[in-house]
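Heads up: the structure comes next, in structure tokens.
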Amino acid sequence: MSQEKILAAIPHRPPMLLVDEIVFQDEARIVCRKTFRTDEFFFQGHYPGHPLVPGVILCESAMQAGAILLAQFTQQAPGVPVATRLNDVKLKRMIHPGDTIEMEVTLQERLADAFFLQAKVTCAGKLAVRFDFACTVAKPAA
């Protein structure tokens with residue numbers, strides 16, 4: 001999917017846009033990729049001399065992929081998906097500048113405007129992060 005379609009699906013913009021491409025998408029599952037450039041803002045202070053992608057950035061990348069997945073629901077009723085809960089976060093692998101991650105997010109359940117999703121982030125085929133999360137659709141600010 002083109003960058004224009006990603007930008008149309010979610011409100012995130014650089015430097016907080018953490019999805020480079022969509023590899024696959026259907027109604028209940030999305031797979032996206034992100035390559036971390038050496039000049040990403042968070043590398044400046046996150047372990048100078050040994051830069052690592054912060055775990056919260058890895059989670060945010062997957063949640064942005066989830067927001068793209070949920071755009072199919074938010075286009076009928078204006079709003080943006082916002083996280084309301086993260087559960088069972090497991091950080092399994094360090095991610096460095098130059099690494100490409102793949103985020104797989106699956107919609108598990110929808111209850112009105114509440115969505116329950118499962119995320120898995122891998123790098124070079126190895127698990128980096130997994131977690132469950134929930135979000136709701138927030139109405140746009142007036």
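The values are calculated or read from the model by the stated rules, or taken from the named source; none is laboratory data. Quick caveat, the model's predicted, so the values are computed rather than measured. No Cβ is skipped: glycine too gets one built from the backbone with ideal geometry, and neighbour counts run over all protein chains shown. Accessible surface areas use protein heavy atoms only, side chains included; no ligands, DNA or RNA. Shrake-Rupley method; radii C 1.70, N 1.55, O 1.52, S 1.80 Å.
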Pairs, first of a type in the set (Asp, Glu) in segment 31-50, second surrounded by 10 or more Cβ atoms within 10 Å (Cβ to Cβ), C-beta under 8 Å, six or more apart: GLU40/PRO15; GLU40/VAL53; GLU40/PRO97
Answer from THR106, THR122 - the residue that is without any contact (Cβ under 8 Å) to a residue 40 or more places away in the chain and within 13 Å of the chain's Cα centre (by Cα): THR122
Check on ILE95, in contact with a Phe, Trp or Tyr (Cβ under 9 Å, 6 or more places away or on another chain), of a type in the set (A, V, I, L, M) and part of a strand (DSSP E or B): no
Matching residues in segment 84-109 - criterion: being touching a Cys at 6+ places or on another chain (Cβ under 6 Å), closer than 12 Å to ASP132 by Cα and buried (at least 16 other Cβ atoms within 10 Å of the Cβ): none
Members of segment 24-38 that are among the hydrophobic types (A, V, I, L, M, F, W, C) and under 20 Å from GLN108 (Cα atoms): PHE24, ALA28, ILE30, VAL31, CYS32
Residues of segment 64-83 satisfying the condition of being farther than 30 Å from HIS46 by Cα, open to solvent by less than 80 Å² (accessible area, probe 1.4 Å) and not aliphatic (A, V, I, L, M): GLN72, PHE73, THR74, GLY79
Hey, LEU127 in contact (Cβ under 8 Å) with a residue 12 or more places away in the chain and in a strand (DSSP E or B) or not: yes
Pick from segment 11-26, criterion touching a residue at least 24 places away in the same chain (Cβ under 8 Å) and touching a Leu at 6+ places or on another chain (Cβ under 8 Å), ranking: farthest from ALA71 (Cα to Cα): LEU17
Condition met for VAL19 (assigned to a loop (DSSP other than H, G, I, E, B) and either modelled with pLDDT of 95 or more or charged (D, E, K, R) (or both)): yes
Output for segment 44-66, where each listed residue is modelled with pLDDT of 95 or more and either of a type in the set (Phe, Trp, Tyr) or assigned to a helix (DSSP H, G or I) (or both): GLY55, VAL56, ILE57, LEU58, CYS59, GLU60, SER61, ALA62, MET63, GLN64, ALA65, GLY66
Segment 73-103 - residue that is in contact with a helix residue (DSSP H, G or I) (Cβ under 8 Å, 6 or more places away or on another chain) and closer than 14 Å to ALA62 by Cβ and, of those, modelled with the lowest pLDDT: PRO81
